[in-house]
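Below is one structure, written out as structure tokens; comments come after it.
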Amino acid sequence: MAERPFVDEASFKALLEHLPVSWWETEGERVVDSGGGAFDDARTAQRFLDTLCQDSVPEPSPEISHGQAQFDGRLFDVSRLLGGVPRHGRARGVAVEVGSPTAAARRYDAFADFAPAAAFIRDRDGCYRWMNHAYAHLYGTTPEHVVGRNVREFNSPADTAQFLALDRDILSRGKPVRHTLTYHRPDGGVGHAAGHRFPVREGDQTCVAGIYVDITDYTRALSQRREAEESLYALRDHSGLPCALISAGGRIQQASSAAAELLHTRLSDLVGRRAHTVLAPAPELDALQRGWGDLIARRRRRVETSTVFVDTLGRQRRVRLHLTTMGRSSARAASVWAVITHQGLAHPAHPPLTASQVRILSLLAGGRSNGEIAASLRLSRQTVDYHLSRLRDQLGAATRPELVARAYVLGILAPQAWPPRSATATHPHSAT
């Protein structure tokens with residue numbers, strides 16, 4: 001009795017399903033049977049066999065042919081019977097994977113597969129041959145669900161036309177091209193990507209490969225920054241408000257024409273000037289300096305105060321000063337926008353007013369008589385009369401109504417407050 005084989009054909013084929021091997025039987029040019037564990041799906045196995053058939057040269061003898069073949073970055077030892085064998089006139093062959101052409105290529109494949117940049121390879125008809133996880137993630141899926149399918153299945157007609165036109169351009173050029181493209185995201189938004197697209201040899205044909213970085217958030221941030229800058233420049237140039245951009249070191253970097261007019265100078269002479277040189281000596285300068293330090297150290301975002309400017313003619317003018325830091329990215333502010341409101345009348349420098357004089361002006365503007373002012377401040381009538389006389393001389397006012405008017409236009413009294421009060425908590429023009 002003949003001995004039975006140790007492993008029958010069915011068991012042997014089942015064993016090969018777990019090994020990096022591909023086997024096949026062909027009848028003429030048609031594959032009638034194949035298997036093995038070298039490939040995950042029949043489509044890839046068929047592409048491998050198609051590549052072998054295109055690379056082989058038919059010979060009349062039925063001798064066994066040995067050789068090596070590269071496919072999708074993998075290296076195979078191939079053995080096949082040429083010219084057919086007695087088994088129903090079929091030819092048989094087997095390929096055993098022995099590794100990639102180089103270890104570096106295998107390392108690159110692993111790196112590319114999980115790199116954060118989106119990468120792909122597709123043929124000239126738009127069919128995906130390979131992609132990494134980052135590229136598949138753009139479509140909310142995995143590479144296995146996209147490879148073998150056409151770009152038309154995942155993109156709008158407009159985007160598809162754009163992508164295929166780029167592919168044709170790359171294939172006609174035959175060299176890499178760096179560019180930025182716009183595409184529609186699955187969430188309905190518009191995305192932007194920057195990268196390279198280049199021709200690659202994939203099996204028996206030249207395909208198009210691409211690697212891109214999504215710059216949607218970056219371009220959105222740039223757009224928002226441009227819009228913010230345009231708004232600031234519109235404020236600077238068209239609002240009519242005196243304003244300036246001041247560096248952390250205190251130098252004027254930009255200024256509006258209104259700021260130059262306020263200081264009676266040319267804009268070209270104002271830009272580059274130290275900001276402290278436009279400030280007149282005033283009691284609130286110490287508080288302003290502390291507020292500036294808080295702004296630069298980012299302990300505060302805004303400072304609002306009253307101060308006195310001095311122009312190139314030596315005239316003084318009390319103003320309301322608004323300071324705001326720029327950006328939030330660094331530990332220290334790089335620059336500060338200064339905007340001026342509530343300008344007082346320009347006047348020659350005069351001795352600063354005392355706190356008592358400012359309080360007297362506040363009560364006088366509220367309609368109090370000299371006697372009522374004296375009683376309210378617990379001063380003698382003669383002292384109040386003396387202060388009012390001195391104030392008329394200092395502010396150039398001949399009458400009580402004119403004195404009140406001058407106190408407002410010079411910025412000593414706050415125009416937006418009632419009852420009348422000092423424009424600053426420290427009494428502007430006050431030496432105490």
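Tabulated values for the structure
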{"quantity": "G366 being out of contact with any helix residue (DSSP H, G or I) (no Cβ under 6 Å at 6 or more places or on another chain), under 22 Å from R317 (Cβ atoms) and of a type in the set (G, A, S)", "calculated": "no"}
{"quantity": "In region 201-212, the residues that are in contact (Cβ under 8 Å) with a residue 60 or more places away in the chain, assigned to a strand (DSSP E or B) and exposed (fewer than 15 other Cβ atoms within 10 Å of the Cβ)", "calculated": "Q205, T206"}
{"quantity": "Of residues in region 1-50 being among the hydroxyl-bearing types (S, T, Y) and within 16 Å of A91 (Cβ to Cβ), the one modelled with the lowest pLDDT", "calculated": "T26"}
{"quantity": "Single match in A365, A331, A355 (criterion: small (G, A, S), exposed (fewer than 14 other Cβ atoms within 10 Å of the Cβ), in contact (Cβ under 8 Å) with a residue 24 or more places away in the chain and over 27 Å from E261 (Cα atoms))", "calculated": "A331"}
{"quantity": "Selection within region 401-417 - surrounded by 15 or more Cβ atoms within 10 Å (Cβ to Cβ) and either of a type in the set (D, E, K, R) or farther than 16 Å from R368 by Cα (or both)", "calculated": "R406, Y408, V409, L410, G411, I412, A414"}
{"quantity": "Residue within region 214-233 that is on the phi > 0 side of the Ramachandran plot, assigned by TED's automatic domain parsing to the domain that holds V336 and either assigned to a loop (DSSP other than H, G, I, E, B) or surrounded by fewer than 17 Cβ atoms within 10 Å (Cβ to Cβ) (or both) present", "calculated": "no"}
{"quantity": "D286 vs. criteria of a type in the set (D, E, K, R), closer than 25 Å to P415 by Cα and touching a Leu at 6+ places or on another chain (Cβ under 6 Å)", "calculated": "no"}
{"quantity": "Hits in region 237-284 - residues which are in a strand (DSSP E or B), under 17 Å from V319 (Cα atoms) and not aliphatic (A, V, I, L, M)", "calculated": "C243"}
{"quantity": "Close pairs (8 angstrom Cβ cut-off, 6 or more residues apart or separate chains): modelled with pLDDT of 90 or more in region 294-318, acidic (D, E) anywhere", "calculated": "R300/D294; V303/D294"}
{"quantity": "Where a residue in region 157-171 is of a type in the set (F, W, Y) and its partner, wherever it lies, is part of a helix (DSSP H, G or I), with Cβ under 9 Å and at least six apart", "calculated": "F163/V151"}
{"quantity": "Verdict on V57 being more than 29 Å from V146 (Cα to Cα), outside the structural domain of E202 (by TED's automatic domain parsing) and modelled with pLDDT under 80", "calculated": "yes"}
{"quantity": "Residue that is aliphatic (A, V, I, L, M) and at pLDDT below 65, where the choices are I64, I121", "calculated": "I64"}
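Here is a yes/no grid of residues against (1) under 29 Å from L353 (Cα atoms); (2) crowded, with 17+ Cβ neighbours inside 10 Å:
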| residue | (1), (2) |
| --- | --- |
| L241 | yes, no |
| L263 | yes, yes |
| R266 | no, no |
| Q289 | yes, no |
| L321 | yes, yes |
| W337 | no, yes |
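The values are calculated or read from the model by the stated rules, or taken from the named source; none is laboratory data. Quick caveat, the model's predicted, so the values are computed rather than measured. Every residue, glycine as well, gets a Cβ built from its backbone with ideal geometry; the counts of neighbours run over all protein chains shown.
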